[in-house]
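Student: Below are the structure tokens for one structure; questions will follow.
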Amino acid sequence: MLKMCKQEKNVKEWQVKVKVLGDGKVEKLKNSVVSLSPSSSRSHSSMKLWILRAITTACLWTCVVQLMALGEIWGPRLLKGWPSCFSHPDQIAQLSSLPAKVVHPPKRVYKNNGYLMVSCNGGLNQMRAAICDMVVIARHLNVTLVVPELDRTSFWNDPSEFQDIFDVDHFITSLRDEVRILKELPPRIKRRVELGMFHSLPPISWSNISYYLHQILPLVKKYKIVHLNKTDARLANNGLPLAIQKLRCRVNFNALRFTPQIEELGRRVVRILREKGPFLVLHLRYEMDMLAFSGCTQGCNYEEVEELTRMRYAYPWWKEKVINSDMKRKEGLCPLTPEETALILSALGVDHNVQIYIASGEIYGGRRRMETLVATFPNVVRKETLLESSDLKFFQNHSSQMAALDYLVSLEGDVFVPTYDGNMAKVVEGHRRFLGFKKTISLDRKLLVGLIDQYNKGSLSWDELSTIVKETHADRMGSPKSRAVMSDKPKEEDYFYANPHECLQLLDEPLSNT
């Protein structure tokens, strides 16, 4: 290699001399060298030796660089771990802290029966649970699942797609040992969909897996492509094989990871809160859409009642129109108001100086309706007050992405208190159980509104109110328990995602029936 470098150097040196001096001047240069005196000759010999050493050093360095380049391609892995002499210290630190290579599970090989397209409906957590169910269904029908389409027509009009909220690549690769998932249909199959050559239907709610095997699978084999256009609550809570329940949990707690941007912002909010001590997450479901949907108008003035009623009639899928708010509230079917919430948190003995993070959208009635809660618990915060507006600018007008941020903070709170048992309350409760039965206070609203009314009328003292509230909720803190099964009333039994106890069974602690 050294010989090659010398030869290459000699050739280049000769070419340069010819180019600069010309053919005639080369001969003159030779003659001048011959005519030098002995002292000049000795000086010239030293110079030649110095030049030879310089050329040798340059050639050796060139050879080393070439060997390092070859090492990058064919060299041992050990060499690749060495930092370059020219690396910046920050780059060296980065190299040493690179995460380990993720090992994906091997692909499951199965005969593909067709393709399943699904359109999720509802808010973030309603869609989240539906996605888990659809993965299970695709797995047991041996079909290829297309990444689910999210609802864009709901009250929130959120244009977010799956990949805007969830890490789609992780979703696909982490489940590849169970089911094949594609971001989009192959061109030939996509053309069939464009021509309308597929079958679309809403599956029956709370169905057993046998329904999908005997009713949906034949449709898949016939049409090759089936589109399920409603996916909420389409799989039963109970009576399913353990493998199905375990897969639902795997999708929910592992495969459905939020995008890195959402995850990082969620961690930042939690760090800000943790720097100031423990915090309680309050899912205050006193938002315009919930009040309009439920028909609950406790504490609202006449204009607000009229506005909420008009909204309810404006959405055709909100089928219940004429609603008696007072009657519904007494049945415990309304979210607690901010004023009622302040009273109940105090009755539970919550420290008035604790941080309370509001995990919700804009509270209906704004600052006026929050006055009592803020006066009682002055350390009320929300993502908009903890972060700069620039941090949230990419999430504005994307309610599902904002809800994802609240979801992450809700998982980390020391206590989670939902004021209504909607989808977020249920799914977060189940996820907190999975994380070690973290404290989640499930409020008995039917009992509470009766106690609140008695207290406001003066027929119940504060001590009596506080004692009853504490005793009632002592066993409603998210501790281990089995789901209530009501086979004849599946909509009224405990929701799987609020308590997926098949995934939480402790070996040394039997489940209670409370």
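Student: Scan the range 308-331 and tell me whether some residue there is open to solvent by 70 Å² or more (accessible area, probe 1.4 Å), of a type in the set (Val, Ile, Thr) and at negative phi.
Tutor: Yes - at least one qualifying residue is present in the range 308-331.
Student: Can you name the number of the only condition in (1) open to solvent by less than 70 Å² (accessible area, probe 1.4 Å); (2) more than 21 Å from the chain's Cα centre (by Cα) that LEU408 fails?
Tutor: (2)
Student: May I pose another question? Has the range 366-384 got at least one residue that is of a type in the set (Ser, Thr, Tyr), open to solvent by 10 Å² or more (accessible area, probe 1.4 Å), in contact (Cβ under 8 Å) with a residue 24 or more places away in the chain and touching a strand residue (DSSP E or B) at 6+ places or on another chain (Cβ under 7 Å)?
Tutor: No, the range 366-384 contains no residue that is of a type in the set (Ser, Thr, Tyr), open to solvent by 10 Å² or more (accessible area, probe 1.4 Å), in contact (Cβ under 8 Å) with a residue 24 or more places away in the chain and touching a strand residue (DSSP E or B) at 6+ places or on another chain (Cβ under 7 Å).
Student: A follow-up question, please. I'd like to verify a number: residues in the range 256-272 that are surrounded by fewer than 20 Cβ atoms within 10 Å (Cβ to Cβ) and part of a helix (DSSP H, G or I), how many?
Tutor: Summing the residues that are surrounded by fewer than 20 Cβ atoms within 10 Å (Cβ to Cβ) and part of a helix (DSSP H, G or I) in the range 256-272 gives 9.
Student: How about the range 124-233: which helices (runs of 4 or more DSSP H) wholly inside it have at least 2 residues that are of a type outside the set (Gly, Ala, Ser), under 17 Å from ARG250 (Cα atoms) and out of contact with any strand residue (DSSP E or B) (no Cβ under 6 Å at 6 or more places or on another chain)?
Tutor: Result: 124-141, 168-174.
Student: Oh, and also: Of the residues that make up the range 228-246, is at least one open to solvent by 20 Å² or more (accessible area, probe 1.4 Å), on the phi < 0 side of the Ramachandran plot and of a type in the set (Ser, Thr, Tyr)?
Tutor: no
The values are calculated or read from the model by the stated rules, or taken from the named source; none is laboratory data. Fair warning: this is a prediction, and the values are worked out from it, not measured in the lab. Virtual Cβ from ideal backbone geometry, glycine too; neighbours counted across all protein chains shown. Calculation scope for accessible area: heavy atoms of the full protein, side chains included, ligands and nucleic acids excluded. Shrake-Rupley method; radii C 1.70, N 1.55, O 1.52, S 1.80 Å.
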